[in-house]
Amino acid sequence: MASCVLEAPLRMSVLSEVTASSRHYVDRLFDLDPQKVLQGVIDMKNAVIGNNKQKANLIVLGAVPRLLYLLQQETSSTELRTECAVVLGSLAMGTENNVKSLLDCHIIPALLQGLLSPDLKFIEACLRCLRTIFISPVTPEDLLYTDATVISHLMALLSRSRYTQEYICQIFSHCCKGPDHQTILFNHGAVQNIAHLLVSTSYKVRMQALKCFSVLAFENPQVSMTLVNVSVDGELLPQIFVKMLQRDKPIEMQLTSAKCLTSMCRAGAIRTDDSCIVLKTLPCLVRMCSKERLLEERVEGAETLAYLIETDVELQRIASITDHLIVMLADYFKYPSSVSAITDIKRLDHDLKHAHELRQAAFKLYASLGANDEDIRKKIIETENMMDRIVNGLSESSIKVRLAAVRCLHSLSRSVQQLRTSFQDHAVWKPLMKVLQNAPNEMLVVASSTLCNLLLEFSPSKEPILESGAIELLCSLTQSENLALRVNGIWALMNMAFQAEQKIKSDILRGLSTEQLFQLLSDSDVNVLMKTLGLLRNLLSTRPHIDHIMSTHGKQIMQAVTLILEGEHNIEVKEQTLCILANIADGTTAKELIMTNDDILQKIKYYMSHSNAKLQLAAMFCISNLIWNEEEGSQERQDKLRDMGIVDILHKLSQSSDPNLCDKAKTALQQYLA
């Protein structure tokens, strides 16, 4: 107990010693002589510059509320108010905790109010402080948008000086997060107000304006389409951006203008084969991936390039043969390559902490490069230790790296050749199955898509995946609220059931349960429905399997078929359903489930005379399988169907102008003659 008593006074005395030397700064803010208050603020400004300890002490001692009071007082001189804004800006430059303390004292409304002053120096000091606060990660961006008049006032202040331009653009680019913010800024004339700043004489202004456009245009077709047609001094924006891409410009400028052009291209505002993309933007981004660049430049370059080429095969091909990019990216995994080359120890420390970002960026770019072209995939997989790197990436602690590694694996898993070779040699399914346990949805969607590919009939991974509990996992995905996960779950089961042995098929049906099967067959999404029908069709293939499954689940499956043939569904869905019936009709004992169900027989008859040839053909397959001569009971089946008027329809169809229908009808009629 005694030790506790000793602790407290000790702590107190240390704190009072530290703060005593700072207290006189705060005391002077309360002096009755305005001149002494001003001098006190100026001394405080000089004391806190670059001194984080001093900043923290002054905040603890309550300097902030007093500074804000003086800043807002009408009776304070402009000089005093300006110096207060400068000190507050300096306090905000310290730690995140400092910024939190300032926010708690409602500094933002006070500074925004200050912008209404007629004095330019005071406005600039307020903006500089606002800028420092808004670029801190602890400041909620929405604080900029709470009062609708603030944005229009900031737009008006853009014309006042190069400092207002620099700070306001910086505030906008930091506070523009997502489509809602983009729309507000766009509607307040951001494009028109900021465009001419791209040709400012001040580099800082040009750079901040460029950053503004890069965040305004990101994933925003409306902004991108507008930017294409804006011109400054007779030059269109895309041309200005291209000039900023040139090798003699600072890297930061090259990268940011490449991001602007990339966003405009992805939004469809610039064609993918436009020379400004193919000859300027893409090579610039590849340059950013080289060893010579700083870590963050390499990360941003690779991620932007991945986004630029993600959906365009031609750009993927061009990128893959530019500057040996595929080999160059392998260096992203060996970082830092030679420790001795990095003389700056702070830099080394920073880069070691952020090396995972390089790996994430490399995986993303490899995923985009290999999205469509088989030769590129082969090159990627043949890059040294590539499969090992992916396998390691799947179990990294950083979720972003895991997600990027899964995306990369998914991209490469589209290759039949690779599924049979590299994927097998490295047992990638093991870490993949692990990733699928309790992963967030975004990860599950990509990982389950990859699993779909690994479960294709020709993939050797199929057997071990089954043994590791995949059926249970996939059945649970089919119950997800997330549509993409439902589709992938059922799709993977469909692939799994293709040409599978009977035990696997039974396990799938048991895992899904009849209830869930019906749930999927009545899903509002046609993709889920089609994949579920595909699963049923794969389950009901080869006679012994058909008979076995129909003996255990026949009633429910026939119910499901009836349900769909009666529902409002498109041609593809009905065709798939009739194909399932044709498979059932191919069973030995399963046939009877159709022959004893007059409702279903009438439906088959109806579709034989349907206006759509695909449905007619599918219905004919059912009939052919039912009347096939060499099978037991064929005579009774033929008679029953003749009584129903099926033969008349067959005669009619044998005169059809559609060669497929005509042949099928003639073949069926021969069964009656044999």
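Remarks
- Residues in the stretch 512-536 that are open to solvent by 30 Å² or more (accessible area, probe 1.4 Å) and within 21 Å of D547 (Cβ to Cβ): 1 in all.
- Every residue from the stretch 619-655 that is acidic (D, E) and surrounded by 13 or more Cβ atoms within 10 Å (Cβ to Cβ): E631
- Residue check for I184: assigned to a helix (DSSP H, G or I), β-branched (V, I, T) and open to solvent by less than 10 Å² (accessible area, probe 1.4 Å): no
- Yes/no for L593 being open to solvent by less than 20 Å² (accessible area, probe 1.4 Å) and either in contact with a Gly (Cβ under 6 Å, 6 or more places away or on another chain) or not basic (K, R) (or both): no
- In the stretch 503-556, the residue that is modelled with the highest pLDDT out of those that are more than 16 Å from N570 (Cα to Cα) and of a type in the set (D, E) is D547.
- Test result for L673, surrounded by 16 or more Cβ atoms within 10 Å (Cβ to Cβ), at negative phi and not small (G, A, S): no
Residue-wise test of (1) within 16 Å of the chain's Cα centre (by Cα); (2) charged (D, E, K, R).
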site	(1), (2)
Y307	yes, no
I345	no, no
D349	no, yes
H356	no, no
K400	yes, yes
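- Which listed residue, of A619, A613, is free of Cβ contacts under 8 Å to residues at least 60 places away in the same chain and within 19 Å of I546 (Cα to Cα): A619
- Note on the stretch 630-674: enclosed helices (runs of 4 or more DSSP H) holding 1 or more residues that are over 13 Å from M620 (Cβ atoms), more than 54 Å from the chain's Cα centre (by Cα) and touching a residue at least 40 places away in the same chain (Cβ under 8 Å) are 634-643, 659-673.
- Some residue of the stretch 206-221 being in a helix (DSSP H, G or I) and touching a Lys or Arg at 6+ places or on another chain (Cβ under 7 Å): yes
- Residue tally, condition outside any helix (DSSP H, G or I) and of a type in the set (F, W, Y), over the stretch 128-170: 1
- If you go through the stretch 173-217 and keep only what is at pLDDT 95 or above and on the phi > 0 side of the Ramachandran plot, you end up with just G189.
Table: residues versus (1) without any contact (Cβ under 8 Å) to a residue 12 or more places away in the chain; (2) acidic (D, E); (3) surrounded by fewer than 23 Cβ atoms within 10 Å (Cβ to Cβ).
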site: V286; (1), (2), (3): no, no, yes
site: C289; (1), (2), (3): no, no, no
site: I309; (1), (2), (3): no, no, no
site: L315; (1), (2), (3): no, no, yes
site: D323; (1), (2), (3): no, yes, yes
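- Candidates are the residues of the stretch 560-575 that are assigned to a helix (DSSP H, G or I) and either over 18 Å from K605 (Cα atoms) or β-branched (V, I, T) (or both); the one that is most open to solvent (accessible area, probe 1.4 Å) is E572.
- Filter result for A470 (hydrophobic (A, V, I, L, M, F, W, C), crowded, with 22+ Cβ neighbours inside 10 Å and within 17 Å of the chain's Cα centre (by Cα)): no
- Matching entry among A330, A319, A367 (being of a type in the set (A, V, I, L, M, F, W, C), open to solvent by less than 60 Å² (accessible area, probe 1.4 Å) and in contact (Cβ under 8 Å) with a residue 60 or more places away in the chain): A367
- H610 being open to solvent by 10 Å² or more (accessible area, probe 1.4 Å) and in a helix (DSSP H, G or I): no
The values are calculated or read from the model by the stated rules, or taken from the named source; none is laboratory data. These numbers were taken from a predicted model, which means no experiment stands behind them. Glycine gets a Cβ as well: all are built from the backbone with ideal geometry, and neighbour counts include every protein chain shown. Just so you know, the surface numbers come from the protein's heavy atoms only, side chains and all, with ligands and any DNA or RNA stripped out. Shrake-Rupley method; radii C 1.70, N 1.55, O 1.52, S 1.80 Å.
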